[in-house]
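**Q** Pasting in a structure now, in structure tokens, and then I'll have a few things to ask.
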Amino acid sequence: MSTFDKVKQQAQQLAGKAKEATGRMTGNQRVENAGKRDRLEGEAKERGQDLKDRAEGTVQEARDKLRGQRDDDQRGDRQQE
């Protein structure tokens, strides 16, 4: 995840928390719910991006292992000749 995206999602969460607290303090359920929605949306985006990053890392590790095995196989073929 880019640093910008992470900061943006955390800012959304922080703004949501502030809006939620404002709604709670003023007794405005609509503002409180909007804040809760913003906070949860930011958390969901951050978690989704974290999962995507982990999946990309796993794919890259698998590619690296396959490349390593392929290189080992090619070296073995050359040694047998």
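The values are calculated or read from the model by the stated rules, or taken from the named source; none is laboratory data. Computed from a predicted structure; not experimentally measured. No Cβ is skipped: glycine too gets one built from the backbone with ideal geometry, and neighbour counts run over all protein chains shown.
**Q** Give me the pairs, please: first residue somewhere in the range 34-58 and free of Cβ contacts under 8 Å to residues at least 60 places away in the same chain, second residue anywhere and surrounded by 11 or more Cβ atoms within 10 Å (Cβ to Cβ) and among the acidic types (Asp, Glu), beta-carbon distance under 7 Å, and either six or more positions apart or on two chains.
**A** Within 7 Å, the pairs are Gly35/Glu20; Lys36/Glu20; Arg39/Glu20; Gln49/Asp5.
**Q** Okay, next question. So is Asp72 under 29 Å from the mean Cα position of the chain (by Cα), modelled with pLDDT under 95 and either hydroxyl-bearing (Ser, Thr, Tyr) or assigned to a helix (DSSP H, G or I) (or both) or not?
**A** When the stated conditions are applied, Asp72 does not pass them.
For (1) modelled with pLDDT under 85; (2) hydroxyl-bearing (Ser, Thr, Tyr); (3) surrounded by 14 or more Cβ atoms within 10 Å (Cβ to Cβ), each residue gets a yes or a no:
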| site | (1), (2), (3) |
| --- | --- |
| Asp5 | no, no, no |
| Arg24 | no, no, yes |
| Asn33 | no, no, no |
| Glu41 | no, no, yes |
| Ala44 | no, no, no |
| Arg54 | no, no, no |
| Thr58 | no, yes, no |
| Arg63 | no, no, no |
